[in-house]
Amino acid sequence: MELYFKDNFFNAGETTIMDANGASAGTIDLQSMFSATLSVYASDHRLLYSGKFRLFSSKWEVRDAADSIIGVLRTRFTFFSKRYEYDAGERGLFQIESPAFSYVYSIMDTSGKEVASFEKTSTWLQSGAFRLHNLSTELNSYELIAVVMGVHSIQNEATNTAAT
């Protein structure tokens with residue numbers, strides 16, 4: 001499944017999720033410009049997933065509609081690439097990697113097989129826009145939207161911390 005979605009310039013408000021044909025496939029509610037919290041809704045406006053930082057932590061929690069934690073995203077330290085780890089509990093541990101100056105990310109399962117990919121399609125002065133291509137049977141595409149937005153939020157937090 002291929003989906004397109006974006007952040008808003010001030011990280012607040014609703015934004016549309018589109019399928020490969022440009023039709024609406026749901027929405028993302030970016031709930032506050034002061035904290036990275038979001039909800040992912042289906043096209044029928046049903047809450048599917050939410051994501052937010054843990055209190056006083058740089059770990060990003062992904063929760064289902066029942067508000068149960070279904071996965072935790074965290075950064076992995078590397079010198080020459082961007083690397084993250086998504087712990088989806090019983091479904092496995094997924095590695096998210098991108099070369100140092102690339103905007104294309106691969107999501108790999110424990111065997112090293114690529115199960116999904118995403119790329120940042122926006123330019124320097126635009127808010128983050130992404131294309132997600134999901135082949136995974138373990139990870140729902142809407143769950144992966146919360147993960148991708150978590151990667152984006154972690155990167156924004158790191159940029160903001162470095163600027164101060």
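Descriptive notes on the structure:
- Taking other C-beta atoms within 10 angstrom as a stand-in for reagent exposure, 96, 69 fall in the order 69, 96, fewest first.
- Relative contact order of the chain, defined on C-alpha pairs under 8 angstrom at six or more residues apart (%): 18 percent
- Taking other Cβ atoms within 10 Å as a rough exposure proxy, 104, 151 sort from fewest to most as 104, 151.
- Distance between modelled label sites at residue 65 and residue 79, nm, 7 Å Cα→Cβ extension: 4.8 nm
- Rough spin-label spacing in nm, given labels placed 7 Å along Cα→Cβ, for residue 102 and residue 121: 1.9 nm
- Footprinting exposure proxy ranking of 119, 61, fewest other C-beta atoms within 10 angstrom first, gives 119, 61.
- Calculated FRET efficiency for the pair residue 155/residue 24, C-beta based, R₀ 30 Å, to 0.05: 0.65
- Given 12 as the ceiling on other Cβ atoms within 10 Å, longest exposed-site-free region of the chain for chymotrypsin sites (Phe, Trp or Tyr not before Pro) in DSSP loops: 125-164
Every read-out reported here was derived from the displayed coordinates using simple, explicitly stated rules and does not represent laboratory data. Remember, predicted model here, so these are calculated numbers, not experimental data. In this analysis, Cβ positions are derived from the backbone assuming ideal geometry, glycine residues included, and neighbour counts consider all displayed protein chains.
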